[in-house]
Amino acid sequence: MTRLDQLIVQGKQALADDEFAKAVELLGEVYGDERSFENNWLFSKALYQNGQAETALTIAREFVGEYMWTTEGYEFYFDLCLAASSFVAARRLALGSIDFEKQENRLERLKEAEEKARKENGELIKKRARELKHLAAFDAFTQQQIYQDAQLLPFEEYFDAAKQVLIDPDCLPLIRMTILIDMQSLMVDEELTYRYIDGKNYTTKINHAGNPLTHPAYEAARDYLQEVIGQEDPVSSELLHEQLKLEFNALFPQIDRVTDPIAWMQKDIQRFQSIPDNEERKESSDQAKLHELVYHFLSILEV
């Protein structure tokens, strides 16, 4: 048995014996030496049991995708979100539950946790909601911090304040974009007015827009990228794929305006490789203008 195996055995035994501080020390050392999903779960569990829910959630986020693959992992991650008062993420997980009974149970537990938070931290919740609603009054760095803190708000307070951010031209564009996608994932079933990348305000039911990264136009562009560059130059392919995801998040919720995703991807490739436009597949005038708006929007985010 290796030294790491011994630490894992000792850490598990400490958990079984309710010696949680000892478990944190032992399993933290394990995770520091070998950052696997299994060790992440053990370390996060020890932190959670030791009353360090916020730290446990921070650690668990490193493998959030893996937690989503099993019912037990999903439930554990949801429990962490509740314990850490990360209510926006908890609601997203509850609504994403495939099993209706589990969804109802999680939503009820979330409602109870939010009510408890209002009773115990009412003034702090009001302060965070007020800061989010008046986000534009703060500098860029503070705006980002306020948005992160707002993830700890109960949904009603978060939603009420976030609606104001969506139409405020002086809020960081990245935050407006992120909130729009938040609203879709939180299945908000009412009309929202938002400021789009063209500087105009639009009104729509955001939950009808669908996830930007499962839209057929995104999938067609992504598949074309993989076909023409993926095997030949995987590094460039990955960089372009990350850019494509940002572009389609920026386009949300008006992704249907991309009528030729192949031409869109060809334009991205040409721009990335710094080669002149060719006549292979030209974008329509409307799509080309939209593409330029996206490029401009993303250049602002990089500043």
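Listing Tyr218, Tyr196 from the residue with the fewest other Cβ atoms within 10 Å to the one with the most, what is the order?
If I rank by nearby Cβ atoms, fewest first, I get Tyr196, Tyr218.
Taking amide hydrogens as modeled 1.01 Å from N in the peptide plane, which residues meet the under 5 Å criterion relative to Gln151, leaving out close sequence neighbours?
none
So if I place +1 on the C-beta of Lys and Arg and -1 on the C-beta of Asp and Glu, and nothing else carries charge, what would the dipole magnitude of segment 79-135 be about its Cα centre? I want it in debye, nearest 20.
400
Using a simple charge model, +1 on the beta-carbon of Lys and Arg, -1 on the beta-carbon of Asp and Glu, nothing else, what dipole does segment 30-142 show about its Cα centre, in debye to the nearest 20?
Around 680 debye, computed over segment 30-142.
Where does helix 234-251 land angle-wise versus the long Cα axis of the chain, in degrees 0 to 90, nearest 10?
Roughly 80 degrees, rounded to the nearest 10.
For segment 1-41, report the % of Cα-Cα distances exceeding 14 Å.
Percent of Cα pairs beyond 14 Å in segment 1-41: 39.
If you take the charge dipole of segment 202-242 about its Cα centre, with +1 on Lys and Arg Cβ and -1 on Asp and Glu Cβ, which of Pro216, Gly230, Tyr202 is farthest toward its positive end?
Final value for the positive-end residue is Tyr202.
Starting from 0 in steps of 10 Å, tell me what percent of the Cα-Cα pairs of the chain lands in each bin.
6, 21, 27, 25, 15, 5, 1, 0
Do you know the relative contact order of segment 163-285, to the nearest whole percent, from alpha carbon pairs under 8 angstrom that are 6+ apart?
Dividing the mean separation by the residue count of segment 163-285 yields 22 percent.
Would you mind working out the magnitude of the charge dipole of the chain relative to its Cα centre, with +1 at each Lys and Arg C-beta and -1 at each Asp and Glu C-beta, to the nearest 20 Debye?
Result for the chain is approximately 860 debye, rounded to the nearest 20.
Over the residues of segment 117-251, compute the C-alpha Rg and express it relative to 2.2 N^0.38 Å.
My calculation over the Cα atoms of segment 117-251 gives 1.24.
For segment 212-302, what D do you get in µm² per second when you plug the Kirkwood radius from alpha-carbon pairs into Stokes-Einstein at 37 °C and 0.692 mPa s?
249
Alpha carbon centre of segment 143-176 versus segment 234-285: separation in Å?
29
Take every Cα pair under 8 Å in the chain that's 6+ residues apart, average their separations, divide by the length, and report that relative contact order as a whole percent.
Once normalised by length, the contact order is 10 percent.
Based on the Cα atoms of segment 11-160, what semi-axes does the equivalent ellipsoid have, where each is the square root of 5 times one gyration tensor eigenvalue, given in whole Å with the largest first?
For segment 11-160, the ellipsoid semi-axes come out as 29, 19, 15 Å.
Based on C-alpha coordinates, I'd like the Rg and Dmax of segment 3-84, in Å.
Spelled out, the Cα radius of gyration and Dmax of segment 3-84 are 11.7, 35 Å.
Pull up the cross-link candidates among the lysines for Lys45, meaning alpha carbon to alpha carbon under 25 Å and not fewer than 8 places away within one chain.
List returned: Lys12, Lys22, Lys102, Lys111, Lys116.
Arranged from highest to lowest average of other beta-carbon atoms within 10 Å per residue, in what order do the peptides 149-155, 257-263, 87-93, 186-192 appear?
87-93, 149-155, 257-263, 186-192
Charges on Cβ only, +1 for Lys and Arg, -1 for Asp and Glu, centred on the Cα centroid of the chain; of Leu26, Cys171, Phe87, which one is farthest towards the dipole's positive end?
Cys171
What is the Cα convex hull volume of segment 125-200 when expressed per residue in Å³?
80
Values in this text are rule-based calculations from the coordinates and carry no lab data. Note that the structure is a prediction, hence the values are computed from the model and not measured. Here the Cβ is made from the backbone with ideal geometry for all residues, glycine too, and neighbour counts use every protein chain on show.
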